[in-house]
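Structure first, then comments.
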Amino acid sequence: MTSLAELHDVARQRLAPEHYDYFAGGAGDEVALADNERSFRRLALLPRILPGSATRDLAVRLPGAEASMPVFVSPTAFHRLAHPDGELATARAVAAAGTVLIASMAATVAIGDIAAAAREVDPGATLWFQLYLQTDREVTDLLVRRAADAGCSALVVTVDSPVFGRHERDRQHGFTDLPDGLFAENMRDLPGGPRNIEMSPALSWADLDRLRESTSLPMLLKGVLHPEDAHLAVEHGMDGILVSNHGGRQLDAAPAPVDVLPRIVEVVGGRVPVLLDGGVRRGTDVAIALALGATAVGIGRPVLWGLAAAGESGVRQVLELLREEFDDALALCGGRRLADLTRDLVTVRGPEGG
Ligand code: FNR
């Protein structure tokens, strides 16, 4: 495979149409979904020359993690819809790449088993756990305990989903439930029996405060787009911010994350790392986001395409392609280390660009 786009094509052929559309789709007219990828093409990198170093250092420090490159895996649900090995395959591939997997609360493998798979490959593998705050505190607390017991080194609290996104492709297929035999395993043995993940607009910053006080794990807030919310996140003790519009699956009128990134970076002012996901498909996208102030970027769908195309090996290919492409981009920008990617390297393309 020579690009992520090629793996996407293979995945599209392999997956049942309703499962492909579940992964690929966005909310409403899919304006945000399309703009996430397009937003990177509106931007250009103004390269520097003659860096004077034959090698480059891609490693980055993140809350509770040392990653081999500034690309991590964002949480996505239901990996066993893409491949029978599901999150086990993803965890092995991400551990082999030496980067961070954010395991979804809606995984089809329990967090303890995901962690065990990662540690078989690398005892030092880093796993973070993504959580939707639940209105039942007991459930939230139990999930946090399990994540901690599994050795997760940070929590990622997703806050852009007070209600489920309106996914019209799923409605057209009548895709509402996982097929028999698949289950959101983290939700299985809870007090009161198996449950669905609940999303609620009744949750507030006070609920986040309570969670913050209940654990010493580093905590990142995922789904921040407004600069004022980024400021509040830091004030409320978050250890990082993940700028994201949920891959265009929630508010269809939301802006592309890379377009709001500079203002958020400005407001946060270096107090905590600012991460980003949405539409990252090339090493040059990674370079643009870093130059605009992101510490690292996440990928969602590309991992699902790798998984559907070739299981663990497909996810490895996705991560290695991005590593090679990003390393090339850094070299071509005259950089030796991540800090060489600075704001002055990013310009806006002319109207014909992209
Ligand atoms: C997601 N995303 C997501 N986010 C989250 O916090 N918890 C979750 O369970 C899921 N599930 C999920 C399923 C599928 C099929 C997709 C495509 C996305 C959002 C995800 O973490 C991330 O924000 C986006 O996927 C990033 O955009 P790209 O890389 O897919 O363009």
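Distance from the C-alpha centroid of the stretch 293-329 to that of the stretch 90-113: 14 Å, rounded to the whole angstrom.
Only Cα pairs within less than 10 Å get springs; with that Gaussian network setup on the chain, which residue of 93, 310, 230 has the largest fluctuation? Most flexible of the set in this elastic network: 310. Entry note: the stretch 144-269 has Rg to Rh equal to 0.99, where both radii use alpha-carbon atoms and Rh is the Kirkwood radius. Nonpolar atom fraction for the chain, defined as the carbon and sulfur part of the 1.4 Å probe accessible area, stands at 50 percent.
Shown here: the stretch 189-254, whose C-alpha atoms stretch 39, 31, 20 Å along the first, second and third principal axes, sorted largest to smallest. Annotation for the stretch 177-219: trypsin sites (Lys or Arg not before Pro) lying in DSSP loop with at most 13 further Cβ atoms inside 10 Å of their Cβ are 188. Over every Cα atom in the chain, the radius of gyration and the widest Cα-Cα span, Dmax, amount to 19.1, 63 Å. Take the alpha carbon gyration tensor of the stretch 93-154, find the square roots of its eigenvalues, order them as a ≥ b ≥ c, and report rounded if a/c is under 1.5; if not, report prolate when a/b exceeds b/c, else oblate. Prolate is the answer for the stretch 93-154, as a/c is 1.5 or above and a/b outweighs b/c.
With the biggest extent put first, the Cα atoms of the stretch 219-338 measure 42, 35, 26 Å across the principal axes. Subtracting the Cα-Cα distance of residue 10 and residue 342 from their residue separation scaled by 0.36 nm leaves 115.9 nm. Extension gain for residue 183-residue 41 works out to 47.3 nm (0.36 nm per residue, less the C-alpha to C-alpha distance). Applying Stokes-Einstein at 20 °C and 1.002 mPa s to the Kirkwood radius of the stretch 28-133, computed over alpha-carbon pairs, gives a translational diffusion coefficient of 134 µm² s⁻¹. Along its principal axes, the stretch 298-343 has C-alpha extents of 35, 16, 12 angstrom, given from the largest down.
The C-alpha atoms of the chain define a longest principal axis, and helix 257-268 lies at about 90 degrees to it.
Take the stretch 75-135 with all the other protein chains still there, run a 1.4 Å probe, and you get 27 Å² of accessible area per residue.
Phi angles across the stretch 186-201 convert, under the Karplus curve 6.51 cos²θ - 1.76 cosθ + 1.60 with θ = phi - 60°, into 3J(HN,Hα) values of 5, 9, 6, 9, 10, x, x, x, x, 9, 8, 6, 9, 10, 9, x Hz, Gly and Pro given as x.
Once all protein chains are placed together, residue 74 keeps about 10 Å² accessible to a 1.4 angstrom probe. Think of it as helices only: each DSSP H run of n ≥ 4 in the chain is worth -39500 (n - 2.57), and spread over all residues that comes to -12500 deg cm²/dmol at 222 nm. Computed with a 1.4 Å probe over protein heavy atoms only, the accessible area of residue 60 comes to about 20 Å². DSSP beta bridges confined to the chain are antiparallel in about 20 percent of cases. For the stretch 118-204, applying the loop criterion from DSSP together with a ceiling of 16 other beta carbons within 10 Å to the GluC sites (Glu not before Pro) yields 198.
Given R0 = 56 Å, the distance between the Cβ atoms of residue 136 and residue 263 translates into a calculated FRET efficiency of 0.95.
The values are calculated or read from the model by the stated rules, or taken from the named source; none is laboratory data. All values reported here derive from a predicted model rather than from experimental measurement. With ideal geometry, Cβ positions are generated from the backbone for all residues, glycine too; neighbour counts draw on all protein chains shown. Surface accessibility is based on the protein's heavy atoms, side chains included, excluding ligands, DNA and RNA. Shrake-Rupley method; radii C 1.70, N 1.55, O 1.52, S 1.80 Å.
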